[in-house]
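Student: After the structure tokens below, expect a handful of questions from me.
Each value in this text was obtained by applying a stated rule to the coordinates, not by laboratory testing. These numbers were taken from a predicted model, which means no experiment stands behind them. All Cβ positions, even for glycine, are placed from backbone atoms using ideal geometry, and neighbour counts span all protein chains on display.
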Amino acid sequence: MLDYRELNNLLENLQSDADAADCHGFICGQICVTEFPLPEIWKEYLDVEPDDKQSITEGLQDLQALVAETMKSFESPDFDFYPMLPDDDTPIDERICALGEWCHGFLNGFAISQEANSCLEDDDSRELIENFTRICHIGVGEEPDQNDEKALFELVEYVRLGAIFMYDQLSMNMPGRAHGVYH
């Protein structure tokens with residue numbers, strides 16, 4: 001599977017305005033609300049239009065592989081799903097920004113389907129979506145410290161498990177999905 005840096009490079013080559021976190025979040029949100037994510041929708045969201053047709057074909061194949069791998073990670077009984085974010089050696093302000101971008105992408109991908117509305121009838125799901133919206137706007141103080149690192153770790157874990165929860169909640173209504181983790 002592509003890593004954060006590789007996906008950013010791929011999106012840059014495809015001349016997309018999205019970054020890796022936003023793209024992966026969008027794909028994850030779309031996976032949660034659709035049985036099979038539609039390439040037309042994520043292609044339109046990413047607005048990919050490089051001049052080189054070969055680049056677009058190869059890039060979209062790589063993105064399709066990312067979608068497939070991400071779907072597998074959601075189905076894993078070992079909770080293998082992780083949001084695609086920069087490595088821990090990246091400055092904390094960039095990682096916090098990327099988490100906000102991931103949540104922004106997730107919310108956009110999630111909102112594309114009517115199934116999302118039925119999920120929001122559940123208090124836990126609605127609270128999770130509200131919290132993802134808040135995370136879109138987080139920032140770091142002037143002098144980041146260990147408390148910021150711990151808080152970021154906890155937020156990433158919350159987002160990771162929240163995305164798995166949303167996938168599972170919506171899986172109950174999709175006959176093509178084998179099972180949900182939380183069932």
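Student: Quick check: net charge around Leu155, other residues with Cβ under 12 Å of its Cβ, Lys/Arg +1 and Asp/Glu -1?
Tutor: Once positives and negatives cancel, what remains is 0.
Student: With only alpha-carbon atoms in the gyration tensor, what are the semi-axes of the equivalent ellipsoid for region 4-171, in Å, largest first?
Tutor: That gives 24, 22, 14 Å for the three semi-axes.
Student: Now a separate question. Projected onto the charge dipole of the chain (+1 at Lys/Arg Cβ, -1 at Asp/Glu Cβ, origin at the Cα centre), which of Leu14, Ala163, Ala151 gives the Cα projection farthest towards the positive end?
Tutor: Ala163
Student: Further, regarding this structure: In nm, what is the difference between 0.36 nm times the number of residues separating Asp3 and Phe153 and their Cα-Cα distance?
Tutor: The Asp3-Phe153 span can extend by a further 52.1 nm.
Student: Sticking with this structure for a sec: Quick one: length gained pulling Gln146 to Glu130 fully straight, 0.36 nm per residue minus the C-alpha distance?
Tutor: Once the chain is fully extended between Gln146 and Glu130, it gains 3.1 nm.
Student: Let me spell out the model: positive unit charges on the Cβ of Lys and Arg, negative unit charges on the Cβ of Asp and Glu, origin at the Cα centre of the chain. What dipole size does that give, in debye rounded to 20?
Tutor: Values: 10 positive and 40 negative charges, 140 e Å.
So the magnitude is around 680 debye.
Student: Let me ask something else about it. Could you calculate the contour length gain from Glu35 to Leu161, that is, 0.36 nm times the residue separation minus the distance between their Cα atoms, to one decimal place in nm?
Tutor: Here the segment from Glu35 to Leu161 would lengthen by 43.4 nm.
Student: To the nearest 500 deg cm²/dmol, what mean residue ellipticity at 222 nm is calculated for the chain from DSSP H runs of n ≥ 4 alone, each contributing -39,500 (n - 2.57), summed and divided by the residues?
Tutor: On the way: 8 runs with 118 residues, N = 183.
Result for the chain, helices only: -21000 deg cm²/dmol.
Student: Just tell me which lysines come within less than 21 Å, Cα to Cα, of Lys43; anything on the same chain fewer than 8 places away is out.
Tutor: Of all the lysines, those that pass the test against Lys43 - Cα under 21 Å, at least 8 places apart if same chain - are Lys53, Lys72.
Student: Can I ask one more? Principal axis extents for region 55-139, Cα atoms only, whole Å, descending order, please.
Tutor: That gives 41, 31, 30 Å along the principal axes, largest extent first.
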